[in-house]
Amino acid sequence: KKALDELKQLIQEALNKHEFTPPPAKDKDKPAPEEKKEEDQPATSAAETEVKVETEAPAPVEVKEEEKADPPIEAPAPVEVREEEKADPPVEAPAPETVVETEVVEKVSAADDDGAKTVEAIEESVVAVATPPPAEKPEEEASSSLKPDEVAQSEEKPEEAEVPPPPPQEVSIWGIPLLADERSDVILLKFLRARDFKVKDAFTMIKNTVIWRKEFGVDGLLDEELGNELEKVVFMHGFDKEGHPVCYNVYGEFQNKELYQNTFADEEKRSKFLRWRIQFLEKSIRKLDFCPNGISTIVQVNDLKNSPGPGKRELRQATNQALHLLQDNYPEFVAKQVFINVPWWYLAFNMMISPFLTQRTKSKFVYIAPEQVPVQYGGLSRDGEQEFTVADAATEVTIKPATKHSVEFPVTEKSTVVWEVRVVGWDVNYGAEFVPTAEDGYTVIVSKTRKVGPADETVISNSFKTGEPGKIVLTIDNQTTKKKKLVYRSKAKPYSE
């Protein structure tokens, strides 16, 4: 609770200061105020710059004579007149004289042969240019000598300084504001757990994640059309016994050379794969329940059967890049990591994925209900219209070596019994029959006993309709030296003639 409160305080301060904005955006905003400052300066700012230069080196007359080498040699005369004119008006300080010299350099160089016009231009410039140096005049005199435009600008500047600060920045992750309600706390706790409740480290992680999401364009990514070529590589299917949704990663699909090339052949395709993977994860996360007692994590099942080995450089690069992004920006979203069909090179693969796995995750055992597991992974779940759904619970039984096991389904009068059964790995004898309750009844063979081999690793579905009470008896004879896992479920449906 203390760490959470401290983290909230840091986040609120960062939102007030707009610190969740990506750095590139800040760089773009920097030149704007400088340009405005230049625009806010009056047109005489260029002359002021020249004034500074000429004040340090008061030799404008010589420069003017060099510039007037081409025109008629009448330039010195205006200079003498200018100096005399300075003596006549009661201009107070010597600093405005240097200002006038600067203006004269411009005016004389542009003057015609008419000396009188040059003098008039000088007199006008004295009034216009004498205003900039406020340091050498009292404030009242400086303000009174400003032009109307300059007066308006000087009055506006204090008003701009009094503009209230912008409202706090609003930031959301996975559709939930950082500081809103209990759902926000659930998200913040994920970052805290990922950094062992070190508040500053968790805050840095959140800040980096928000900036990365803006730079990566995650919110816009949700609406992108990235194709469905990889829908068999990564997909969601079923839930574990605690209610966590299960995500399957089937690397064996990349044995398809065309799919592999279209996914990893070059940097552009690998980038598209990464965007697709992030898009899939984002859509899955937004279906989670972020309430304090809700389900806000998923189970990852990694099927390594027929997976390309670590020698595939392109796949390794894409996998490492994806794992780094997931580790840095999706903390504590994996409840359990499961690896199945692990090949001999698993240790090398484990080194690649180890940054994504915590010690706590590695130490957990995972139990997924068979009705939630696809048939290709030893479960009973199948696509399409079936008699059973994931809502129909299944039973698991371990059959010892060299033993026979029987399963019984009770039958009521005038009912139809349907069932599904499978033995993981099969290599057993299977049979089914109906045994009536009445002593004078006859046993009916529903399925003749037969050998089901490992190549027939599928679900056996069957049904039996009867008008009398009794029971369906399934017999599984395991004559091997290995344990066998039996999975089955059934239900009775009443009927009327």
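The values are calculated or read from the model by the stated rules, or taken from the named source; none is laboratory data. Just so we're clear, the structure is a prediction, and the values are computed from it rather than from any experiment. Don't worry about glycine lacking a Cβ; one is built from the backbone with ideal geometry, like all the others, and counts go over all protein chains shown. Protein only, heavy atoms only, side chains kept; ligands, DNA and RNA dropped before computing areas. Shrake-Rupley method; radii C 1.70, N 1.55, O 1.52, S 1.80 Å.
Can you work out ³J(HN,Hα) from phi for every residue in the stretch 404-411, in order, using Karplus 6.51 cos²θ - 1.76 cosθ + 1.60 and θ = phi - 60°, giving whole Hz and x for Gly and Pro?
Once θ is set to phi - 60°, the couplings for the stretch 404-411 become 10, 10, 10, 10, 10, 10, x, 10 Hz.
Pop out the Kirkwood hydrodynamic radius of the stretch 385-494 from its pairwise C-alpha distances, inverse of mean 1/r, in Å to one decimal.
Radius from the Kirkwood sum: 14.5 Å.
Arrange the residues Thr416, Thr209, Thr395, Thr458 by how much accessible surface each exposes, largest first, with a 1.4 angstrom probe.
Thr458, Thr395, Thr416, Thr209
Among the listed pairs Lys241/Lys491; Lys414/Lys491; Lys404/Lys485, which are separated by more than 18 Å between their Cα atoms?
Pairs exceeding 18 Å: Lys241/Lys491.
Can you figure out the FRET efficiency of Glu468 with Val397, using R₀ = 30 Å and their beta-carbon distance, to the nearest 0.05?
The formula returns an efficiency of 0.60 here.
Determine the gain in length on full extension of the stretch Cys291-Ser172; use 0.36 nm per residue of separation and subtract their C-alpha separation, reporting nm with one decimal.
41.3 nm
Taking 41 Å as R0, compute the FRET efficiency from the Cβ-Cβ separation of Glu258 and Leu4 and round it to 0.05.
0.25
Would you mind estimating how fast the stretch 160-215 diffuses translationally, via Stokes-Einstein at 4 °C and 1.567 mPa s with the Kirkwood radius over Cα pairs, in µm²/s?
Result for D is 102 µm²/s.
Report the extension gain between Lys404 and Glu19 in nm, rounded to one decimal, defined as 0.36 nm multiplied by the number of residues separating them, less their alpha carbon distance.
My answer for the length gained is 131.7 nm.
Looking only at the stretch 447-468, which residues have a backbone nitrogen under 19 Å from a spot 7 Å from the Cα of Lys491 in the C-beta direction?
459-466
Would you mind computing, in nm to one decimal, how far apart the modelled labels at Ser284 and Asp456 are, each placed 7 Å from Cα along Cα→Cβ?
Distance between label points: 3.6 nm.
Send over a whole-number figure in Å² for the accessible area per residue of the stretch 385-494, probe 1.4 Å.
Accessible area per residue: 56 Å².
Quick one: Debye curve from the alpha-carbon atoms of the stretch 263-336 only, equal weights, vacuum; give me log10 I(q)/I(0) at q = 0.28 Å⁻¹ to two decimals.
Log10 I(q)/I(0), no solvent term: -1.37.
Under unit Cβ charges (Lys, Arg +1; Asp, Glu -1), what dipole magnitude, rounded to 20 debye, does the stretch 385-494 have relative to its Cα centre? Can you show the working numbers first?
Numbers: 16 positive and 15 negative charges, 83 e Å.
Charge dipole of the stretch 385-494: 400 debye, to the nearest 20.
State, as an integer percentage, the relative contact order of the stretch 385-494 based on alpha-carbon contacts under 8 Å between residues 6 or more apart. Before the final figure, lay out each step's value.
Values: 255 pairs, mean separation 52.1, N = 110.
RCO, the stretch 385-494: 47 percent.
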